[in-house]
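A short worksheet on the structure shown next.
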Amino acid sequence: MTETPIGPGASGISLNNIKVCARCSLRYDWRKSPSTLKMTYCGSLCEFGDLGFTLDALLRLERAEVQPAVPV
């Protein structure tokens, strides 16, 4: 697949890296997305809004210890 440069200069911007956000339909460069799901959402707010959580928060989640039932 060949890259299609846009803009001035030899480097330009590659259209191969442009995705459309699954939530807000904004076009974004997936390599610069702060979202954990870079290829799906333009940012963490769209990820949270669509899923109800972010994968970063889910990975950092710590389970609370369950206290054993005290017999009466």
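Things worth noting here:
- Criterion applied to 35, 25 was being without any contact (Cβ under 8 Å) to a residue 12 or more places away in the chain, open to solvent by less than 100 Å² (accessible area, probe 1.4 Å), part of a loop (DSSP other than H, G, I, E, B) and of a type in the set (Ser, Thr, Tyr), and the one residue passing it is 25.
- Among (1) farther than 18 Å from residue 19 by Cα; (2) surrounded by 17 or more Cβ atoms within 10 Å (Cβ to Cβ), the one test that residue 42 misses: (1)
The values are calculated or read from the model by the stated rules, or taken from the named source; none is laboratory data. Since this is a predicted model, take the numbers as computed values, not measurements. For neighbour counting, all protein chains shown are included, and Cβ atoms are generated from backbone atoms with ideal geometry for every residue, glycine included. Please note that ligands, DNA and RNA were not included when accessible areas were found on the heavy atoms of the full protein model with its side chains. Shrake-Rupley method; radii C 1.70, N 1.55, O 1.52, S 1.80 Å.
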